[in-house]
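Data first, discussion second: the structure below is written as structure tokens.
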Amino acid sequence: MNFQTLLFALLFSVCLATSCSRNAVNQHNENAQDSSVADSATADPRATNIEQPPLDFVPNELGKVMVLEYHLIGYPEDRWRRTPENFRKDLQMLYDNGFYPVSVMDIAKGNLNVPAGKTPFAITLDDSSAGQFRYIEKNGGLIIDPNCALGIMEDFKRKHKDFPITASFYVLPAINPTLRLFAQPEYKKQKLEWLIKNGYEIGSHNWYHSMLSKLSDQEVQKHLAMFVKEIREFIPGYEAKTLALPLGAHAKNRLLESQGEFEGIKYRHEAVLLVGSVSSVSPYSVKFNPLAIQRVQAGEHTENPETFMKSQIKHNTRFVSDGDPKVISAPEELKDQLKPGLEKRYRIRWIKQQEPGAQANAKETISNE
Ligand SMILES: [Zn+2]
């Protein structure tokens, strides 16, 4: 099912459920759109003919976005380890609560093609242990272990066609063997190729998990460039586009986290991820910095994805898509939170609070998780 078909099906069911009694809302949305086209020269001309769907939710594309952070997948559950059962449970919780998977780069670039009413989120897995991607032999052949993170995600995706899971794996090419490129040396190349071919991202966690804060400027560039060099031995021409900082430690010169060079090997990261422990602001927020993206650590502790999700639903602070990647819609109370300049790339639609279903207290609660 393509996106348009999916959107149509969703809107059709919403329409049935609400007896299509929201023409007033439609009218208002169109008016709001007309009056808020800040740069008609650069706005997508197709957008002027959009028929506004009947909405039973308030889009809030200035709301919060979770970038989930996983480490080990296996037994027993602990601070840095999620069991396969709990990993599955997390995916189910996200699915059941209207989340929609996107990539880290989608968030970093603000390219969010998310169905109407859904909340984007991204999955990241650090440290390339075998529990994340393991091959096992079965009937003389090789299969992805159905209980490793990748096997679980692939199975979930097969069973939920409207939930196109992707993830970023922040791998380590030169650390001790238990964390080196998923810890099955004979399959290193095969695994990296499989991930790239199947729409997952291989991100940099640097050469061997060095704390960048302890390195000189030259060493920082060496450890980030050596990552690229090592991965290119398996995937020629590979470019690492995103970096997860080991232990969340910044380099003394933070500019070197995003670009640098060592012995002719250049790197350029368009997103840099921190280590837990809060949701990211919207990529359209004035506070958003793609070179310092917050993550939420999955687990049974108190600041886990479920806790943030419940709080964001309660306070109406989560990102809720309007379904159109070329339009940014949000309650007008949040006007001052829009990153300046975005009106050149997007149409902006502010939603008045007196509109049916709009949240009067959105501004007051946005600072809460
Ligand atoms: Zn790590």
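Computed from the coordinates by the stated procedures, all read-outs in this text should not be read as laboratory data. Computed from a predicted model, the values in this text were never measured in an experiment. No Cβ is skipped: glycine too gets one built from the backbone with ideal geometry, and neighbour counts run over all protein chains shown.
Inside the stretch 125-152, can you point out the residues that are part of a loop (DSSP other than H, G, I, E, B), away from the ligand (no atom under 16 Å from the Cβ) and more than 21 Å from the chain's Cα centre (by Cα)? Those that are part of a loop (DSSP other than H, G, I, E, B), away from the ligand (no atom under 16 Å from the Cβ) and more than 21 Å from the chain's Cα centre (by Cα): 134, 139, 140, 145, 146, 147. Of all the numbered requirements in (1) assigned to a loop (DSSP other than H, G, I, E, B); (2) surrounded by 15 or more Cβ atoms within 10 Å (Cβ to Cβ); (3) free of Cβ contacts under 8 Å to residues at least 24 places away in the same chain, residue 155 misses one, and that requirement is (1). Taking the listed residues 310, 314, 335, the one that is assigned to a helix (DSSP H, G or I), in contact with a strand residue (DSSP E or B) (Cβ under 7 Å, 6 or more places away or on another chain) and without any contact (Cβ under 8 Å) to a residue 60 or more places away in the chain is 335, with no other qualifying. For the stretch 168-180, residues that are of a type outside the set (Val, Ile, Thr) and assigned to a helix (DSSP H, G or I) total 2.
For the stretch 237-289, the strands (runs of 3 or more DSSP E) that sit wholly inside it and include 1 or more residues that are closer than 25 Å to residue 63 by Cβ are 242-244, 271-273.
Among the numbered conditions (1) more than 16 Å from the ligand (Cβ to nearest atom); (2) out of contact with any helix residue (DSSP H, G or I) (no Cβ under 6 Å at 6 or more places or on another chain); (3) closer than 19 Å to residue 152 by Cα; (4) part of a strand (DSSP E or B), the only one that residue 89 does not meet is (4). Counting the residues of the stretch 181-230 that are over 21 Å from residue 253 (Cα atoms), in contact with a Ser or Thr (Cβ under 8 Å, 6 or more places away or on another chain), away from the ligand (no atom under 15 Å from the Cβ) and assigned to a helix (DSSP H, G or I) gives 0.
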